[in-house]
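No value in this document is a laboratory result; all are computed from the given coordinates. All figures in this text were calculated on a predicted structure; none of them were measured in a lab. Please note: Cβ atoms are built from the backbone with ideal geometry, for glycine as well, and neighbour counts cover all protein chains shown.
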Amino acid sequence: MNDIPKTMKALVLKGPNDFEIQEAPTPEPKGDEVLCRVKAVAICGTDPKIIAGKFPGFWPPTFPAVIGHEWAGEVVAVADDLKASEKVAAKYAVGTRVAGEAHKGCGICLNCMTGHYTVCLNYGDNASGHRHYGFTSPGAYAEYIVTSVKSATPLPEGLTYQQGAMLDSAGVALHGVQRGRVTTGDTVLVTGPGAVGQFSFQYSRASGAKFVIVIGRGPRLAFAESMGAIGVDYEKVDDPVAKVMEITGGVGVDCTVECAGTQQAIDWAIKSTRKAGRLVMAGLPTDTINVPWGPMTLAELDILGVRANPNTAAPALALMANGAVTTEGIHTHTFPLDQFAEALATFVERRDGAMKVVLEP
Ligand SMILES: [Zn+2]
Ligand SMILES: [Zn+2]
């Protein structure tokens, strides 16, 4: 820790809609943690809601707080405990480039023990070992972050830190595609071509989908089409579901990955999935969505919830590194951390075609 400054620049959230760059103590790694120099951190769709104070007392539990969780950076210090194992110490040695993950399970509850650590039964209980970086634990809108090595995956050679910062969106998409059991020859529909939707299309294709239909509109749909998706523009066709049925010979798709979270998109998703098909809920719906449970039950649809990106970091990055999946056109804007307000507005207002906006602290 010799050449690491005692304080760092951090974007401190002082209260709802109230943030500024401040000097904060540089955190120290303990137990299974490393200290990383944050090189790139992307704005998540959840961040503007946290900043606006939409989850009082929960995300963050208290103010002031440092949020941000879609990051990549370089290991600059390793906790003493980790050095006890030569193998572990070598994997996370100083200088290792890593991409971060927001969730770190407690490691001892039933869900963690069975790999479902993003739905840890000790969620939010820091004493149990659970961490949700950038939500209930300090995050990455700062020069440095302390993270468990469980939530830091070495970046494959050839990937940049900016690409590493796409891991959250990419990993959510891959988790959804895996939940939907997309396999060779499947027909897939993606509703909502934001970052998670674009990656869902790309990972479905990489998983062997025969074709992927995307329902959307505007430049985001045009981008998915330019990448090889079959676009259905809901502003231009009378009935997007009829279009999906036409493309699939009246059957519907094997798997739908819903990434919009809106009533309209969820209706299309349900009606476009074939009987006994899979419906993956990768967008976060509001509590007031009406769902036609009767027809869904009789169609024997499998409904699969998605919470973040468990166990997908290594394969998600591997497919970026071998070119099967690209972040190009998804990561659209980059700002220095001290222009956070500008970056946030660019992201929220989708200025100039913004999809993923990256900060470089
Ligand atoms: Zn995120
Ligand atoms: Zn747990």
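Can you list the residues, at least 5 places off or on another chain, whose amide H is less than 5 Å from the amide H of LEU304, using H built in the peptide plane?
Long-range HN contacts for LEU304: LEU279, VAL280, MET281.
For ALA142, list long-range residues whose amide hydrogen, built 1.01 Å from N in the peptide plane, is under 5 Å from its own amide hydrogen.
Excluding prolines and chain starts, which carry no amide H, the hits are LEU11.
HN-Hα J couplings of the range 39-54 from phi, Karplus 6.51/-1.76/1.60, θ = phi - 60°, integer Hz, Gly and Pro as x?
So the Karplus estimates, Gly and Pro as x, are 9, 8, 9, 8, 7, 8, x, 6, 4, x, 6, 5, 4, 6, x, 7 Hz.
For the range 45-70 and the range 294-361, what is the centre-to-centre distance using only Cα atoms, to the nearest Å?
So the separation of the two Cα centres works out to 18 Å.
Using the Karplus equation 6.51 cos²θ - 1.76 cosθ + 1.60 (θ = phi - 60°), what ³J(HN,Hα) coupling, rounded to whole Hz, does each residue of the range 328-335 give in order, writing x for Gly and Pro?
After applying 6.51 cos²θ - 1.76 cosθ + 1.60, I find 4, x, 9, 7, 10, 9, 9, 9 Hz.
If you project the alpha carbons of the chain onto the principal axes, what extent comes out on each, in Å, largest first?
66, 41, 39
If the elastic network links every pair of Cα atoms under 10 Å, which of THR327, THR153, THR288 fluctuates the most in the Gaussian network model of the chain?
Result for the chain, Cα springs under 10 Å: THR288 fluctuates most.
First measure r as the distance between the Cβ atoms of LEU298 and ALA127, then evaluate 1/(1 + (r/R0)^6) with R0 = 51 Å and state the FRET efficiency to the nearest 0.05.
Working: r = 46 Å, r/R0 = 0.91.
Computed FRET efficiency for LEU298 and ALA127 comes out at 0.65.
For q values of 0.17 Å⁻¹, compute log₁₀ I(q)/I(0) with the Debye formula on a Cα-only model of the range 172-305, without solvent.
Normalising to I(0) and taking log10 leaves -0.78.
So if each residue of separation counts as 0.36 nm, and I subtract the Cα-Cα distance between GLU246 and GLU86, what length gain in nm does that give?
Full extension from GLU246 to GLU86 adds 51.7 nm.
Which one, GLY277, GLY171, GLY129, has the greatest fluctuation when you compute a Gaussian network model over the chain with C-alpha springs under 10 angstrom?
So, out of GLY277, GLY171, GLY129, the one fluctuating most is GLY129.
Which peptide among 351-357, 188-194, 313-319 comes first, and what is the full order, when sorted by highest mean count of other Cβ atoms within 10 Å?
188-194, 313-319, 351-357
If amide hydrogens are placed 1.01 Å from N in the peptide plane, which non-local residues have theirs closer than 5 Å to the one on ILE213?
Excluding prolines and chain starts, which carry no amide H, the hits are VAL188, LEU189, VAL190, ILE230.
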